[in-house]
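Step one of this worksheet: look at the structure below.
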Amino acid sequence: MTKIILFLLVGLLGLPSLIEAHGRLTSPNPRPYTYSGGPNAPTYTCSGPAFGTSRTSMRCHDVTAFSTSITSVAAGSSLRVAWNFEAPHPGDCSIWLSYDDNKQAPEKWIKLKDIPGCLAADGLNPPTNGAVDVLIPANLPPCEHCVLRWEWYAVQQVSNVEFYVNCADIKITGGNPQCSKPVHTTSISGIDHLLKNHHANAPQPVSGCPFYNAYNGGYDKKRTRGPLEWKPECGSTTNTGTNTNTNTNTNTGNTNTNTNTGNTNTGNTNTNTGNTNNNNNNNNNNNNNANTNNGGKQVSQQCLAAIQNVVKNCQ
């Protein structure tokens with residue numbers, strides 16, 4: 001009997017896909033997963049790759065890219081990203097994007113969105129079916145084949161965090177062709193990108209794992225593991241202020257002031273060129289009378305000639 005019990009225990013331990021299958025991306029259309037453990041299985045634990053995955057499986061769970069089923073999304077619009085939890089454990093989710101030339105297992109990523117608690121208000125009980133609208137920045141360049149990545153780490157075991165990853169292949173239309181590909185903020189292979197909290201003055205993990213104890217007040221809505229959300233680098237410079245150009249015409253005593261208030265300049269270069277007013281002394285002849293700027297009084301030609309003779313005789 002003892003041998004039978006041991007045999008059954010060993011058999012159960014040999015079925016990790018039935019024990020640890022927990023969650024997956026459902027939309028946009030994820031890459032199909034057919035390897036050991038199934039699409040709901042963790043990709044990594046704190047101990048390393050799980051279910052026979054590779055050392056770089058945190059990129060896209062070792063799943064082959066779609067060649068035909070690619071979701072199209074317009075830059076400047078929102079993309080609905082949804083997931084399902086078989087076992088809704090506490091943890092955090094995040095959404096990533098890659099323009100990497102390596103479509104099978106992209107290394108270079110930017111983070112589009114942090115989702116602390118995976119939509120759990122208390123950090124403990126995330127909904128079984130979760131979804132968020134993720135903004136695809138308007139100033140991204142168009143992309144025929146980019147890769148969207150959903151990541152979830154579950155802290156239910158506290159001592160050995162489980163990491164889940166799924167990817168979807170997308171096409172970005174529109175956008176700003178003047179902007180170059182975003183400079184990646186993160187290189188992903190294993191879980192090293194998650195072993196630091198980048199928020200200012202945030203507590204850092206002592207040893208990387210465990211991340212935090214969700215059952216002991218460790219949940220923080222403001223926390224993000226790994227890099228912060230990416231901010232657009234192209235076409236995002238905004239200069240707002242008041243530019244005042246004052247031009248004084250000393251011949252007439254008139255002052256012209258041009259004020260531009262609340263100018264917003266979108267682009268990489270903000271050039272403000274002041275206005276220059278050149279006023280020449282114009283002699284207006286009215287009935288042979290010259291208007292001379294002398295406190296606003298008119299002086300006749302005869303008086304002028306007399307004054308000039310006096311000055312000449314005094315020399």
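Rule-based calculations on the coordinates, nothing more; no lab input. The structure presented is a predicted model; accordingly, all values stated were derived computationally and were not measured. Cβ: placed from backbone, ideal geometry, glycine included. Neighbour counts: every protein chain shown.
Counting Lys and Arg as +1 and Asp and Glu as -1, what is the net charge of the other residues whose Cβ lies under 13 Å from the Cβ of LYS171? Combined, the nearby Lys, Arg, Asp and Glu give -1. Amide hydrogen proximity for TYR164: with H placed 1.01 Å from N in the peptide plane, the residues at 5 or more positions away or on another chain lying under 5 Å are THR43, TRP152, TYR153, ALA154. Shape summary: region 132-197 maps onto an equivalent ellipsoid whose semi-axes, from the alpha-carbon gyration tensor, are 30, 13, 10 Å in decreasing order.
Within region 171-194, find all residues whose amide N lies under 16 Å from a label point positioned 7 Å from the Cα of THR71 along Cα-to-beta-carbon. It comes to 171-173, nothing else. Straight-line cross-link partners of LYS222 among the aspartates and glutamates, defined as a Cα under 20 Å from its Cα and at least 8 positions apart when in the same chain: ASP92, ASP114, ASP122, ASP133, GLU151. Each other residue within a Cβ distance under 12 Å of PRO142 adds +1 if Lys or Arg and -1 if Asp or Glu, for a net charge of +1. Summarising the label geometry, the points placed 7 Å from Cα in the beta-carbon direction at GLU233 and ASN213 lie 4.1 nm from one another.
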